[in-house]
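These notes concern the structure reproduced below.
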Ligand SMILES: [Cu+2]
């Protein structure tokens, strides 16, 4: 169980270790006051109902309030909501998805990835323990072209074993990244080198394939974008990595108000590449304009179709094109509302498309 403060994305604060069946643990809160939330941090458990309000009042100064009346204090709710909106887009330490320039060794594009534990600021002041490639969540964005020979060197600086799987990328069997099946474990301190020639284009991902229910949502994930030969990159080619788990509900490693808006000029077209690295489904809803779905899992649709809410299941990648016809600031969020908004305001998987 964790005890977050009332910060917008509901994280931080003291936390117990995992509690085994039949066991118990004590959480020492120290001196606290106000509206608090207790919840289980194991992915999915909070949504399944393992959450409770805890209201701590100053002894004797006023009559005790119930959790319900405190949680629904309309004035406090308005203030907290508006503070979140006003802070958007909030600056936080660290930015994921940064483009990675390969080192050339002859004709081979070499990408070095170092896995290690880091502190990651998910939302303003909300620092969580994550796992990162090259110090960022999501890891550096790899972009290459069909026909490229790539070498990906994984350095394990974690306290546990790991391995790297190239999700959606067609590779020789011995490069598939599953310990015990296609390769040895990459133990702490070890390095493992992958090398293959890119055969299929599209929006793909790379992520850990060891203790994956923890390592992937904790941050060992990244975009692997493979262009078709001659493909022209869109003016606005946006990555939207969706995740849920120990970092909370995030878009590109951040929760609202630290998510970053997409900013375009009226009339421009943008390509958004959704990638779901979490354990839950995320229907991504854009206000004001439709999304034209052009590819699923990197495979183009012969007939693109239009939606305003695009479902992205765990492991899936969905590419959409949006023509920015309507001026203004348009909310853009996951439509599972427990991933986006609570009595404390908007949090998690909320951002905006700003059309100037
Ligand atoms: Cu969601």
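Please treat every number below as a calculation from the coordinates, not as lab data. All of these numbers come straight from a predicted model, not from anything done at the bench. Every residue, glycine as well, gets a Cβ built from its backbone with ideal geometry; the counts of neighbours run over all protein chains shown.
For the range 312-356, which residues satisfy the criterion of being over 22 Å from residue 295 (Cβ atoms), within 11 Å of the ligand (Cβ to nearest atom) and assigned to a loop (DSSP other than H, G, I, E, B)?
Across the range 312-356, the qualifying residues are 336, 340.
Condition first: without any contact (Cβ under 8 Å) to a residue 40 or more places away in the chain and either within 25 Å of the chain's Cα centre (by Cα) or closer than 21 Å to residue 274 by Cβ (or both). Now tell me which residues in the range 189-213 satisfy that. Give the steps one after another, and end with the answer.
In the first step, residues of the range 189-213 are kept if they are without any contact (Cβ under 8 Å) to a residue 40 or more places away in the chain; the result is 189-192, 212.
Matches in the range 189-213: 212 only.
Out of (1) out of contact with any strand residue (DSSP E or B) (no Cβ under 6 Å at 6 or more places or on another chain); (2) closer than 14 Å to residue 133 by Cα; (3) free of Cβ contacts under 8 Å to residues at least 40 places away in the same chain, what's the single condition that is false for residue 235?
(2)
Scan 289, 275, 284 and give me the residue that is within 11 Å of the ligand (Cβ to nearest atom) and touching a strand residue (DSSP E or B) at 6+ places or on another chain (Cβ under 9 Å).
On the way: 289 fails: within 11 Å of the ligand (Cβ to nearest atom); 275 fails: within 11 Å of the ligand (Cβ to nearest atom).
Of the residues listed, the single one that is within 11 Å of the ligand (Cβ to nearest atom) and touching a strand residue (DSSP E or B) at 6+ places or on another chain (Cβ under 9 Å) is 284.
From 248, 255, 267, grab the single residue that is surrounded by 15 or more Cβ atoms within 10 Å (Cβ to Cβ) and on the phi > 0 side of the Ramachandran plot.
On the way: 255 fails: on the phi > 0 side of the Ramachandran plot; 267 fails: surrounded by 15 or more Cβ atoms within 10 Å (Cβ to Cβ).
Only one candidate qualifies: 248.
Surrounded by 15 or more Cβ atoms within 10 Å (Cβ to Cβ) and under 14 Å from residue 349 (Cβ atoms) - does that describe any residue in the range 285-298?
So far as the range 285-298 goes, yes, one or more of its residues are surrounded by 15 or more Cβ atoms within 10 Å (Cβ to Cβ) and under 14 Å from residue 349 (Cβ atoms).
In the range 213-225, how many residues are assigned to a strand (DSSP E or B) and out of contact with any helix residue (DSSP H, G or I) (no Cβ under 9 Å at 6 or more places or on another chain)?
Our first condition is that a residue be assigned to a strand (DSSP E or B); within the range 213-225, this holds for 221-225.
Now restrict to residues that are out of contact with any helix residue (DSSP H, G or I) (no Cβ under 9 Å at 6 or more places or on another chain): 222-225.
Result for the range 213-225: 4.
Quick grid of which residues meet (1) in contact with a helix residue (DSSP H, G or I) (Cβ under 8 Å, 6 or more places away or on another chain); (2) buried (at least 19 other Cβ atoms within 10 Å of the Cβ):
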site	(1), (2)
173	no, no
180	no, no
187	no, no
190	no, no
194	yes, yes
203	no, yes
206	no, yes
211	no, no
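Restricting to the range 305-325, name every residue that is in contact (Cβ under 8 Å) with a residue 40 or more places away in the chain and surrounded by fewer than 17 Cβ atoms within 10 Å (Cβ to Cβ).
Taking the range 305-325 first, the residues in contact (Cβ under 8 Å) with a residue 40 or more places away in the chain are 312, 315-325.
Once the filter is applied, which keeps residues that are in contact (Cβ under 8 Å) with a residue 40 or more places away in the chain and surrounded by fewer than 17 Cβ atoms within 10 Å (Cβ to Cβ), the range 305-325 yields 315, 323, 325.
Please determine, by comparing only the residues of the range 119-168 that are in contact with a helix residue (DSSP H, G or I) (Cβ under 9 Å, 6 or more places away or on another chain) and outside any strand (DSSP E or B), which one is surrounded by the fewest Cβ atoms within 10 Å (Cβ to Cβ).
So the residue we want is 160.
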